[in-house]
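Enquirer: Okay, here's the structure, questions in a sec.
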Amino acid sequence: MWGFYFEQLVQSIPFFLKGLWMTVAVSGSSLVAGTVLGFVWGVIRAGRGKVLKRIIGAWVDLIRGTPFLVQVFIFFFILPEAGIQLEAFPASVIALTNLSACFICEIVAGGIQSIPSGQREAATASGLSSYHQLRYIILPQAMRIILPPLVGQYVLLVKDSSVVSAIGVTDVTRVGWLTVQRIPEGIMVFGLVGILYFVICYPLIRLSNTLEKRMTVVTTKL
Amino acid sequence: MIRFSNVNKWFGDLHVLKDINLSVEGGEVVVVCGPSGSGKSTLIRCINRLEPIQQGELVVDNMKVHDKKTNMTKIRAEIGFVFQQFNLYPHMTAMGNVTIAPMKVRKMKKSEAEKLGREILERVGLGNKADAYPAQLSGGQQQRVAIARGLCMRPKIMLFDEPTSALDPEMINEVLDVMRVLAREGMTMIVVSHEMGFAREVANRVVFMDEGQIIEVAPPNDFFKNPRTERAKLFLSKILTH
Amino acid sequence: MLETFNFRVILEYMPLYWKCFFATLWLSGGSLLGALVLGVIACAMRLSESRIISRVAGVYIESIRSTPLLAQLYFFYFGLPSLGIRMPEEATGILALTLNSGAYMAEIIRAGVQSIPYGQIEAAMSSGLSYLQRMRYIVLPQALGVAIPPMLGQAIVLVKDSALLSLISIVELTRAGQILTSERFMPAEGFLTTAVFYLIIYYVLKAFSHWSQKRLIFRGA
């Protein structure tokens, strides 16, 4: 019996690979868009515009305080009521982009705020504009601090992408869910699902750890 | 060139600068000294508005620094500031550090800026370190790069906030040497420092501050030999006997 | 949309939401306790001198961290029956949440333990304290002080993770939203109310975290 199911599972591998591709598509687009948006929000959060800081801060808090599943349902079911019809894939990407941007925003703001104020003072004293300061002095230094947690966040977001299977997006998790209806060997099917996620996530986790180690070695002496 | 008129500043409830009146002419070298907490660093940080003032007038090179509407970029381009902690940009080489402001604020072309950078780095004795990163330089070398960074903007005024206080004793002189040359060349300088030898050699005037007020202003010989106020006498007795 | 927001329907469903609110609380709470216990054990194993024990714990922690919670949840929900084990969904849910958070707790505790300067352990050894005594009086009290803020963070994550239990038919807050939506076709009322309940839990936990950080200032990590 077990052998029979195993064979069936092997035959389903193409289906799983399509699901894997979908996971990569959803996560990938959301990560790119989320990173761009997250950097913009992060720079604002670390800046001086009090009103904008608070608005973004409040939104980030809302997103961090509610389950992603609920956010996905809200984007998918409620936006149509406001007139925006969305299919599952775009709704997922929007929800995941928003989630990514919120977490990345905090990482970026934290990195920027950790740069010693003396750097900003030196740049101000020589007359550099805020834009130039950010671009040439602050961000290049902040990137070293931002990169390890940023990559770590990417891993979390790939895992979070599994939640969009709940609204029908055919990612790896959904493929598993569909397959297990035909092949009732949960351990084998979801073992395969796990392996597929592991293949994507584990290298990213190792990358994040390596980046973190390298970052703590390169410090300037005074 | 620089004029403080009845300047007052508070940090919250703390009154850190009290009724400051001071004029510094072009080409003058002024050394500001006093016990810690006397407000001397705050005083020079007001000149390029790293610290704002709440009362009084501060006019630098005919521009009103106290006026919130004044565009500080122009003023700051004419003032070089050297920090106690150097504040060099660690991710840029010495050349990078000295050329970034000329390129972005004075809009110089890269080749022009690098030529200027090399010239100034030579002047401070670090021509061969143009491609070194701050982490590869000693404290004294880093501070000289910081001075070069200020000089590359061809400023009218150079401000120094305790430039040698964070340095190991062997390196203090290499920095003071650069500053002595600048003074002799006629640069307008205000230096917050405890280096009395330097003050005696190059300063036109010494400003002694205590608890936010200017207590005494005098040429160095007069100040060191015949201090007029009790507080100045007390301060001098403490620092000259160590 | 806001003009037509139907508060009466929400009031009608309040009993359901309350019931589900408490369901979420006890599902998360139970899993949190399990995760703490599991976390301490897994951490102890990970820091053990035996390479085999350390490896086993390592494999557990890395597998959990490299795979999504939903996949783990389905793994147990669909996998256990195929082994002949029948459990009520709530038990499966708590099992999955406990195993998941346990791995993260283990890492948090490990960071806490490793943040203690080795000099203290040497001092303790020099004064004759045994391993267990060192653990009990020197290491663990300080490790816990360092670990409490991230542990509270993990508690918040756990509450949000519990939402996934709605996908295996467990009746908790997210399921309440799904029920309102499917019975009355009102996704806005349904899910926004759900969101509000989660936010209440979130802000309470956040406030508790700030309060406890003020009181427990033994050392910064």
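Enquirer: Could you say whether any residue in segment A:176-183 is surrounded by 20 or more Cβ atoms within 10 Å (Cβ to Cβ), touching an Asp or Glu at 6+ places or on another chain (Cβ under 9 Å) and under 20 Å from residue C:100 (Cα atoms)?
Expert: No - not one qualifying residue is present in segment A:176-183.
Enquirer: Limited to segment B:33-55, what total is found for residues that are in contact with a Ser or Thr (Cβ under 9 Å, 6 or more places away or on another chain), in contact (Cβ under 8 Å) with a residue 40 or more places away in the chain and either farther than 13 Å from residue B:214 by Cβ or within 14 Å of chain A (Cβ to nearest Cβ) (or both)?
Expert: Total meeting the criteria: 2.
Enquirer: Given the criterion under 24 Å from residue A:64 (Cβ atoms) and β-branched (Val, Ile, Thr), identify the matching residue among C:116, C:108. Working first, answer last.
Expert: Working: C:116 fails: under 24 Å from residue A:64 (Cβ atoms).
When all the criteria are applied, what remains is C:108.
Enquirer: Residue C:86: more than 20 Å from residue C:158 (Cβ to Cβ), among the basic types (Lys, Arg), out of contact with any Cys (no Cβ under 6 Å at 6 or more places or on another chain) and not in a helix (DSSP H, G or I), yes or no? Write out each step before concluding.
Expert: Details: more than 20 Å from residue C:158 (Cβ to Cβ): yes; among the basic types (Lys, Arg): yes; out of contact with any Cys (no Cβ under 6 Å at 6 or more places or on another chain): yes; not in a helix (DSSP H, G or I): yes.
When the stated conditions are applied, residue C:86 passes them.
Enquirer: While we're here: Has segment B:69-79 got any residue that is at positive phi and either modelled with pLDDT under 85 or in a strand (DSSP E or B) (or both)?
Expert: no
Enquirer: If you don't mind, there's one more thing I want to ask. What are the residues in segment A:184-208 that are crowded, with 20+ Cβ neighbours inside 10 Å and either touching a strand residue (DSSP E or B) at 6+ places or on another chain (Cβ under 6 Å) or assigned to a loop (DSSP other than H, G, I, E, B) (or both), if any?
Expert: The answer is A:185, and nothing else.
Enquirer: Name the residue, out of B:169, B:134, B:102, that is within 13 Å of chain A (Cβ to nearest Cβ), out of contact with any strand residue (DSSP E or B) (no Cβ under 7 Å at 6 or more places or on another chain) and farther than 15 Å from residue A:126 by Cα. Reasoning before the result, please.
Expert: Details: B:169 fails: within 13 Å of chain A (Cβ to nearest Cβ); B:102 fails: farther than 15 Å from residue A:126 by Cα.
On inspection, the qualifying residue turns out to be B:134.
Enquirer: Quick check on my filter: what residues within segment B:107-148 are assigned to a loop (DSSP other than H, G, I, E, B) and either in contact with a Phe, Trp or Tyr (Cβ under 9 Å, 6 or more places away or on another chain) or among the aliphatic types (A, V, I, L, M) (or both)?
Expert: First, pick out the residues of segment B:107-148 that are assigned to a loop (DSSP other than H, G, I, E, B): B:107-109, B:124-126, B:130-133, B:137-138.
B:108, B:124, B:126, B:130, B:132, B:137 - these are the residues of segment B:107-148 that are assigned to a loop (DSSP other than H, G, I, E, B) and either in contact with a Phe, Trp or Tyr (Cβ under 9 Å, 6 or more places away or on another chain) or among the aliphatic types (A, V, I, L, M) (or both).
Enquirer: Pairs only if they're at least six apart or on different chains, beta carbon under 6 angstrom, first in segment A:59-84 and within 7 Å of another protein chain (Cβ to nearest Cβ), second surrounded by fewer than 17 Cβ atoms within 10 Å (Cβ to Cβ); list them, first residue then second.
Expert: A:65/C:199; A:81/C:1; A:82/C:1
Enquirer: Here's another thing I want to ask about it. For segment C:103-221, give me every one of the helices (runs of 4 or more DSSP H) that falls completely inside it and has 2 or more residues that are more than 14 Å from chain A (Cβ to nearest Cβ) and within 16 Å of the chain's Cα centre (by Cα). Write out each step before concluding.
Expert: Details: elements: C:118-126, C:140-161, C:173-184, C:187-215.
So the answer is C:140-161.
Enquirer: Hey, could you check segment B:182-200 for residues that are without any contact (Cβ under 8 Å) to a residue 24 or more places away in the chain and in a helix (DSSP H, G or I) and say which is farthest from residue B:42 (Cα to Cα)?
Expert: Pass one, segment B:182-200, residues without any contact (Cβ under 8 Å) to a residue 24 or more places away in the chain: B:184-185, B:197.
Next cut, in a helix (DSSP H, G or I) only: B:184, B:197.
Numbers: B:184: 26, B:197: 23 Å.
Among them, the one singled out is B:184.
Enquirer: Any residue in segment A:123-147 that's at positive phi: show its pairings with residues that are among the β-branched types (Val, Ile, Thr) and part of a helix (DSSP H, G or I) at Cβ separation under 6 Å, as long as the two are six or more apart or on different chains.
Expert: The qualifying pairs are A:127/B:73.
Enquirer: Suppose we keep only residues that are of a type in the set (A, V, I, L, M, F, W, C) and at the interface with another protein chain (Cβ under 7 Å from one of its Cβ atoms) within segment B:76-99. Which one would you say is farthest from the chain's Cα centre (by Cα)? Before you say what the answer is, go through the steps one by one.
Expert: From segment B:76-99, those of a type in the set (A, V, I, L, M, F, W, C) are B:77, B:79, B:81-83, B:86, B:88, B:92, B:94-95, B:98; that's our starting set.
Subset that is at the interface with another protein chain (Cβ under 7 Å from one of its Cβ atoms): B:77, B:81, B:83.
Details: B:77: 14, B:81: 5, B:83: 7 Å.
Looking at the filtered set, the residue picked out is B:77.
Enquirer: Given the conditions (1) away from chain C (no Cβ under 14 Å); (2) surrounded by 19 or more Cβ atoms within 10 Å (Cβ to Cβ); (3) assigned to a helix (DSSP H, G or I), which single one is not true for residue A:128?
Expert: Only one criterion in (1) away from chain C (no Cβ under 14 Å); (2) surrounded by 19 or more Cβ atoms within 10 Å (Cβ to Cβ); (3) assigned to a helix (DSSP H, G or I) is unmet by residue A:128, namely (3).
Enquirer: Identify, please: which residue in segment C:77-131 is at pLDDT 85 or above and among the aromatic types (Phe, Trp, Tyr) and is, among those, farthest from residue C:47 (Cα to Cα)?
Expert: C:78
Conditions (1) more than 23 Å from the chain's Cα centre (by Cα); (2) at the interface with chain C (Cβ under 10 Å from one of its Cβ atoms), marked per residue:
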{"position": "A:162", "(1), (2)": "no, yes"}
{"position": "A:165", "(1), (2)": "no, yes"}
{"position": "A:170", "(1), (2)": "no, no"}
{"position": "A:173", "(1), (2)": "no, yes"}
{"position": "A:182", "(1), (2)": "yes, no"}
{"position": "A:199", "(1), (2)": "no, yes"}
{"position": "A:207", "(1), (2)": "no, no"}
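Enquirer: Given the conditions (1) more than 14 Å from chain C (Cβ to nearest Cβ); (2) hydrophobic (A, V, I, L, M, F, W, C); (3) within 22 Å of residue A:53 (Cα to Cα), and given that residue A:96 satisfies all but one, which numbered condition is not satisfied?
Expert: (1)
Enquirer: Scan segment B:178-222 for residues that are crowded, with 18+ Cβ neighbours inside 10 Å and acidic (Asp, Glu) and report the count.
Expert: So the answer is 3.
The values are calculated or read from the model by the stated rules, or taken from the named source; none is laboratory data. Keep in mind the model is a prediction, meaning the values are calculated, not measured. Using ideal geometry, Cβ is built from the backbone for each residue, glycine included, and neighbour counts are taken over all protein chains shown.
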